[in-house]
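The values are calculated or read from the model by the stated rules, or taken from the named source; none is laboratory data. The model shown is predicted, which means the values in this text are computed figures rather than measured ones. Virtual Cβ from ideal backbone geometry, glycine too; neighbours counted across all protein chains shown. Just so you know, the surface numbers come from the protein's heavy atoms only, side chains and all, with ligands and any DNA or RNA stripped out. Shrake-Rupley method; radii C 1.70, N 1.55, O 1.52, S 1.80 Å.
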Amino acid sequence: MKILITSLSLIFSMSISAQQQLDTIYANDQKNVALFFPNPIRQGITGASHFVFTYNREKEQYFGLLQAKPGTESNLLTVSSDGSVYSYILKYSEKLPELNYFINENESIGSELPIKIKQEPEFKPLNEYANRITHFQKFSEYSLKSNFERLETKRKKGIKVQLQKIAFDASEVYLVIEVKNKSGIDFEIDYLDVYRTNGNNKRKASYQRLQQEVIYRHKIPQSVTDGESQRFVYVLPKFVLGDNEKLMQELKELKGGRKVVLETRF
């Protein structure tokens, strides 16, 4: 492993030396030469074993100490905590021109940051039904224009909710719903949720209510003004009610306490 690291550092040294002239640092085996970097040292490697560069490997610090024994020149490669790379030629000398080197950021020969490969974003629909929205629109419009049966109606405080039609197409079910307002006050819709219910609402222990996913809403209004009616369509994944199950629609007013609950069996 040491041979591999040394080889890599030498190869790196050769490549950057072709780009710019490296400064030389002198060291010997009698004194410590201190190198102070602008950022904490994360890694330091010398190209030959007779040069030793020590630094705190457990807690990153800004300085390292260099010593050397007689031998051929080599190099020092250091990487700081911000990814900056520094490289110097190392030589043994009995007389040291300097004992302390304060290194500036502009002495960095480059960055360790990896090359980012731009990848084309993979197109994914927002959900599994995203590519069928146009079909939902067309079939919903067709359902609004076709004949209806008035399957169930609920009136409360001047607000009428009527389930007019249930249509099946492919793997979806379409609910045509009408909301009519004769209350004297505009009705702002908070939500209209759809549930499958089982049991008696008066007997809480045996009553179950499961909210159904609505995959598309067609022409649902934000509010129904007094004296008007609005018809719209809810599209749900196809389902079949059990023997004791009912389909519930719960309409709730946004800024008020009015709520209308409609239940039907089909």
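Taken over segment 38-53, the residue count meeting the criterion of being over 35 Å from the mean Cα position of the chain (by Cα) and open to solvent by 70 Å² or more (accessible area, probe 1.4 Å) is 2.
Listed by first and then second residue, the pairs with beta-carbon distance under 7 Å, at least 6 apart or on different chains, first residue in segment 60-71 and more than 17 Å from residue 39 (Cβ to Cβ), second open to solvent by 60 Å² or more (accessible area, probe 1.4 Å) and among the polar types (S, T, N, Q), are 65/32; 65/54; 67/32. When you scan segment 89-96, do you find a residue that is open to solvent by less than 90 Å² (accessible area, probe 1.4 Å), among the hydrophobic types (A, V, I, L, M, F, W, C) and over 48 Å from the mean Cα position of the chain (by Cα), even just one? Scanning segment 89-96, I find at least one residue that is open to solvent by less than 90 Å² (accessible area, probe 1.4 Å), among the hydrophobic types (A, V, I, L, M, F, W, C) and over 48 Å from the mean Cα position of the chain (by Cα), so the answer is yes.
So which of 256, 184, 242 ends up being closer than 18 Å to residue 154 by Cα, part of a loop (DSSP other than H, G, I, E, B) and not acidic (Asp, Glu)? Don't jump to the end; show me each part of the working.
Numbers: 256 fails: closer than 18 Å to residue 154 by Cα; 242 fails: closer than 18 Å to residue 154 by Cα.
Sole residue among the options that is closer than 18 Å to residue 154 by Cα, part of a loop (DSSP other than H, G, I, E, B) and not acidic (Asp, Glu): 184.
One residue alone among 35, 66, 77 is assigned to a strand (DSSP E or B), surrounded by 13 or more Cβ atoms within 10 Å (Cβ to Cβ) and under 38 Å from the mean Cα position of the chain (by Cα), and that residue is 77. Residue count for segment 138-160 satisfying the condition of being assigned to a loop (DSSP other than H, G, I, E, B) and basic (Lys, Arg): 2.
Quickly run through segment 194-225 and pick out the residues that are charged (D, E, K, R), open to solvent by 70 Å² or more (accessible area, probe 1.4 Å) and either under 22 Å from residue 168 (Cα atoms) or not in a strand (DSSP E or B) (or both). Give the derivation first.
Kept after step one, since they are charged (D, E, K, R), are these residues of segment 194-225: 196, 202-204, 209, 213, 217, 219.
With open to solvent by 70 Å² or more (accessible area, probe 1.4 Å) added as a condition, the list becomes 202-204, 209, 213, 217, 219.
The answer is 202, 203, 204, 213, 217, 219.
Residues in segment 159-193 that are open to solvent by 30 Å² or more (accessible area, probe 1.4 Å) and touching a Pro at 6+ places or on another chain (Cβ under 9 Å): 171 only. Applying the criterion of being farther than 16 Å from residue 45 by Cα and of a type in the set (A, V, I, L, M, F, W, C) to the residues of segment 97-112, the residue that is least open to solvent (accessible area, probe 1.4 Å) is 103. The set of residues in segment 233-254 being surrounded by fewer than 18 Cβ atoms within 10 Å (Cβ to Cβ) and within 13 Å of residue 191 (Cβ to Cβ) consists of 250, 252, 254.
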